[in-house]
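A.B. asks: Mind having a look at this structure? Questions to follow.
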Amino acid sequence: MRRGSSHRVVGGEGHATTWRAAGAPELRGARRYAGAVRHRTLIITNDFPPRQGGIETFVREMATRFPADGVVVYTSRTPGGPDYDRTLPFPVDRADTSVLLPTPQAVRRAQALIARYDCDSVWFGSSVPLGLMAATLRSTTGASRFVATTHGHELWWAGLPGTRQVLRRVARSCDAITYIADYMVDRLAPAVGPGANWVKMSPAVEASVFDEVAAEGPGGPLARQARRRWGLGEGPVVVCAGRLVKRKGQDVVLQAWRRVLARYPEARLLIVGKGPQAASLRELAASLGLGRTVRFTGGLPWESMRLAYAAGSVFVGPSRNRYHGLQVEGLGIVYLEAAACGLPVVVGADGGAPETVRQAETGFVVDPTSPRDVGAAIVALLSDPAMAARMGRAGRAWVREAWGWGERYRTLATLLGRGDELSDAGTSDGGASGSAA
Ligand code: GDD
């Protein structure tokens, strides 16, 4: 196969596997060579780049840490998918559907992939509903280790009787089910009950991607580039990044923004991301008379995310619980990314988000429903640049020390029965994002 070519494998209607075959090894029978036992994991996930979001980031960071000949991804169709897949050194198989569900067809496809690539383990990048396939795959294929990862949406599944049963079945049929925050397991484990092996595996950040941003600081070339790109002027910039959904609290930031402008009329708010609330947030900004003091970037390619953080001197993301706690922020990778850039971070006192901030040390945890509190935290940081810089440095040091993907990968590989590989390549902190910047 020629370098850079892509190919289709494993017949079957409605599926295409793309693989940039640069120096790709022969896959079958590759389990044992040079005396070492080798493993291959099938990752089954609905959420995979180029879609944007926390689960996508999580799965990307894990997938790119496996040895390239030791992983295969089975995921859904998305615009730009095949082009993205060609940049990856491992095969990605896309079903002909934008939402991958545990249908008989999907099970058959997973069985075929496990057989074809001789996989000995399966990781469900998001536990429900795809983890429902675990029991069948265990009894019908050569895969013997199954791990499912929970994020934030599982609280919803845990809260309703019918869907709770689904979560239970997944948890009990996998060798381990992972959780991203203490807040989450405190609620999920009682709902699931006995018979589940809960293991912490929180999201993390590839801090080296943001080294340049942190080193340059708010006056550096990246910050100037960002100011030019989004027309941010010369005043202080506050960044708020994340999918535009109600729970993320961009509406409260907009409501808080007048208070900030009252003290800092030159300040600019940069709202990054796309989502169903895009139109109503723009309307809200207009109805509040915020005019050109608020910039919406829309969804950005991953390479541009660091530029967005570079623009800011404060990051704000007041996610709030909704539907009586059934919809929460499980943790929040954007807070870690902002901290890695050396920004002080303001988060909401709901869900797992407070676990990403050391109160008054790396930022502030505030009432996410209160525009007054959110505004006060922003003003406090803008009015004391020395404190903001100190918090930014502390946050960056903390994420570098405690929030690396390498440690999470080691947890996952061990759970998947790949512990014997861990001294090999793939266990470092340098995954895909290491080259994405
Ligand atoms: N490329 C791109 N473009 N990426 C973006 C954009 C954008 O416009 N906006 C956000 N992102 C990226 C961020 O850089 C980050 O890596 C990710 O999308 C967002 O992750 P989270 O902040 O964690 O939010 P989420 O709601 O999408 O993620 C869910 O899963 C996470 C992982 O378990 C939530 O449950 C989170 O709480 C959880 O941390």
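A.B. asks: Given the conditions (1) at pLDDT 95 or above; (2) away from the ligand (no atom under 16 Å from the Cβ); (3) surrounded by fewer than 17 Cβ atoms within 10 Å (Cβ to Cβ), report the number of the one that Trp257 does not fulfil.
C.D. replies: It fails just one condition, (3).
A.B. asks: Considering only residues of the range 343-360 that are charged (D, E, K, R) and in contact with a Phe, Trp or Tyr (Cβ under 8 Å, 6 or more places away or on another chain), which is nearest to the ligand (Cβ to nearest atom)?
C.D. replies: If we filter the range 343-360 for residues that are charged (D, E, K, R), which is where we start, we get 350, 355, 358.
With in contact with a Phe, Trp or Tyr (Cβ under 8 Å, 6 or more places away or on another chain) added as a condition, the list becomes 355, 358.
Values: Glu355: 10, Arg358: 18 Å.
Residue satisfying both the conditions and the ranking: Glu355.
A.B. asks: Moving to a separate point now. Among the listed residues Arg164, Arg169, Arg145, which satisfies the condition of being under 18 Å from Val59 (Cα atoms) and away from the ligand (no atom under 16 Å from the Cβ)?
C.D. replies: Numbers: Arg164 fails: under 18 Å from Val59 (Cα atoms); Arg169 fails: under 18 Å from Val59 (Cα atoms).
One residue alone meets the criteria, Arg145.
A.B. asks: Taking Ser139, is it crowded, with 20+ Cβ neighbours inside 10 Å, of a type in the set (S, T, N, Q) and more than 19 Å from the chain's Cα centre (by Cα)? Talk me through it step by step, then tell me what you get.
C.D. replies: On the way: crowded, with 20+ Cβ neighbours inside 10 Å: no; of a type in the set (S, T, N, Q): yes; more than 19 Å from the chain's Cα centre (by Cα): yes.
Here the answer is no, as Ser139 does not meet what is asked.
A.B. asks: How many residues does the range 130-173 contain that are in contact with a helix residue (DSSP H, G or I) (Cβ under 6 Å, 6 or more places away or on another chain), assigned to a loop (DSSP other than H, G, I, E, B) and closer than 16 Å to Ala110 by Cα?
C.D. replies: Within the range 130-173, residues that are in contact with a helix residue (DSSP H, G or I) (Cβ under 6 Å, 6 or more places away or on another chain), assigned to a loop (DSSP other than H, G, I, E, B) and closer than 16 Å to Ala110 by Cα number 2.
A.B. asks: Kindly establish whether Gly131 is in contact with a Cys (Cβ under 9 Å, 6 or more places away or on another chain), within 16 Å of the ligand (Cβ to nearest atom) and farther than 28 Å from Pro301 by Cα. Let's see the steps before the verdict.
C.D. replies: On the way: in contact with a Cys (Cβ under 9 Å, 6 or more places away or on another chain): yes; within 16 Å of the ligand (Cβ to nearest atom): yes; farther than 28 Å from Pro301 by Cα: yes.
Yes, satisfied.
A.B. asks: Considering only the range 61-105, state which residues are small (Gly, Ala, Ser) and surrounded by fewer than 23 Cβ atoms within 10 Å (Cβ to Cβ). Don't jump to the end; show me each part of the working.
C.D. replies: Of the residues in the range 61-105, the ones small (Gly, Ala, Ser) are 63, 68, 70, 76, 80-81, 95, 98.
Of everything in the range 61-105, those that are small (Gly, Ala, Ser) and surrounded by fewer than 23 Cβ atoms within 10 Å (Cβ to Cβ) turn out to be Ala68, Ser76, Gly80, Gly81, Ala95, Ser98.
A.B. asks: For the range 209-229, which positions are closer than 11 Å to Ala340 by Cα and crowded, with 16+ Cβ neighbours inside 10 Å?
C.D. replies: Selection gives Val209, Phe210, Asp211, Val213, Ala214.
The values are calculated or read from the model by the stated rules, or taken from the named source; none is laboratory data. Computed from a predicted structure; not experimentally measured. Cβ coordinates were reconstructed from backbone atoms using ideal geometry, including for glycine residues, and neighbour counts include every protein chain displayed.
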